[in-house]
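Taking it in order: structure first as structure tokens, then the write-up.
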Amino acid sequence: SMGMTGKVDGCALFWRRTKFHLIESYSIEFNELAQRQVTTVMGLNPRSEEGASILNKLSKDNVAQLVVLELAQQSMASRTNRDPINQVCIANTHLYSNKDCPDVKLWQTLHLLQELETFVMARGTNLPLMICGDFNSTPESAVYDLLSRQAVHPGHPDVNTGDENGPNVLPDIMSITHSHMLGSVYSSVLGEEPKFTNYTQQFKGVLDYMWYSTQNLRSLSAAPIPDESVLTRHGDALPSTQYSSDHIMQISDMQIVGGGAR
């Protein structure tokens, strides 16, 4: 899994330069956010037993990245007046993969959303937002609830992991929230999440999502996920000679809405 010896997490974003201009680019290191959480928020010495225990649990070397792209062919604004409706913020991440640490994934998701909240609000509330990536979390997880519902039910098992799972790293359940109005591309277009986005011998299910701000983005289409008969044509699971990854590519056409721009 990511974060173990010999594994280094990484993300990449690509765009067609004839379609978009890069305006801003930032990386988010969850290890650094964990250090800030322990020292600044909790007021702990990172070398103390409690501080070191929390840092050890949260420091998994996962990252996120975000860019602000501007449409090369603007419909409603000039280059000198960078109207946010002609820009889009895209974030990309790969969360911790260990299935026994749902609280760590929820912590990572919460802090990613908080970082994006600060970033987007500083640039105006009309900046469209997409959050894409491998969240290593199924639609039944607290991570999915937080992204889709802006909150997590107090009785969710992911927030009640018990002492055997190490120190508690989550804030009070009422503080696990955010202000983004997000929709899942595949759920919006197809009416439900696909049957799977990850197809291995050990696991077959949904872990990957494309989320978008519903007030200024619209999902027009979603590329179908291949049937199992297609995926297993060259082997029992992925990766195979036909599919180079155990994750299945997700593709969507998105439309910027509002302010007269598209």
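The values are calculated or read from the model by the stated rules, or taken from the named source; none is laboratory data. Only a predicted model underlies this, so the values are computations on that prediction, with no experimental measurement involved. Quick reminder, even Gly has a Cβ in these numbers, built from the backbone with ideal geometry, and neighbours come from all protein chains shown. All accessible areas refer to the heavy atoms of the entire protein, side chains included, with ligands and DNA or RNA removed. Shrake-Rupley method; radii C 1.70, N 1.55, O 1.52, S 1.80 Å.
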Exercise for review: Can you run down the residue pairs with Cβ atoms below 8 Å, 6 or more apart or on separate chains, where the first is in region 155-184 and closer than 30 Å to ASN216 by Cα and the partner is open to solvent by 60 Å² or more (accessible area, probe 1.4 Å) and among the polar types (S, T, N, Q)?
Suggested key: HIS178/GLN114; MET181/THR214; MET181/GLN215; LEU182/THR214; GLY183/THR214
Check your understanding: Can you tell me which residue in region 41-56 is least open to solvent (accessible area, probe 1.4 Å), limited to those that are more than 16 Å from GLN114 (Cβ to Cβ) and of a type in the set (A, V, I, L, M)?
Key -> ILE54
Point to revise | Only listed residue being part of a loop (DSSP other than H, G, I, E, B) and either modelled with pLDDT of 95 or more or basic (Lys, Arg) (or both), chosen from LEU238, LEU220 | key: LEU238
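In region 219-240, what count of residues is obtained for those that are crowded, with 19+ Cβ neighbours inside 10 Å and either more than 13 Å from LEU190 (Cβ to Cβ) or touching a Pro at 6+ places or on another chain (Cβ under 6 Å) (or both)?
Count: 3.
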Review point. Under 6 Å by Cβ, and 6 or more places apart or on different chains, what pairs join a residue from region 14-40 that is surrounded by 11 or more Cβ atoms within 10 Å (Cβ to Cβ) with one that is at pLDDT 95 or above and of a type in the set (Val, Ile, Thr)?
Key: ILE23/VAL68; GLU24/VAL68; SER25/VAL67; GLU29/VAL63; VAL38/ILE54
Check your understanding: Does region 125-135 contain at least one residue that is more than 16 Å from ASN31 (Cα to Cα), open to solvent by 30 Å² or more (accessible area, probe 1.4 Å) and touching a helix residue (DSSP H, G or I) at 6+ places or on another chain (Cβ under 7 Å)?
Key -> yes
**Study point:** Residue selected from region 146-177 under the condition part of a loop (DSSP other than H, G, I, E, B) and farther than 22 Å from ASN98 by Cβ, by the criterion most open to solvent (accessible area, probe 1.4 Å)
**Key:** HIS153
Review point. Is there a residue being surrounded by 18 or more Cβ atoms within 10 Å (Cβ to Cβ), at pLDDT 95 or above, touching a helix residue (DSSP H, G or I) at 6+ places or on another chain (Cβ under 9 Å) and closer than 21 Å to MET42 by Cβ anywhere in region 92-99?
Key: yes
Point to revise | In region 187-218, the residues that are among the charged types (D, E, K, R) and in contact with a Pro (Cβ under 9 Å, 6 or more places away or on another chain) | key: GLU192, GLU193
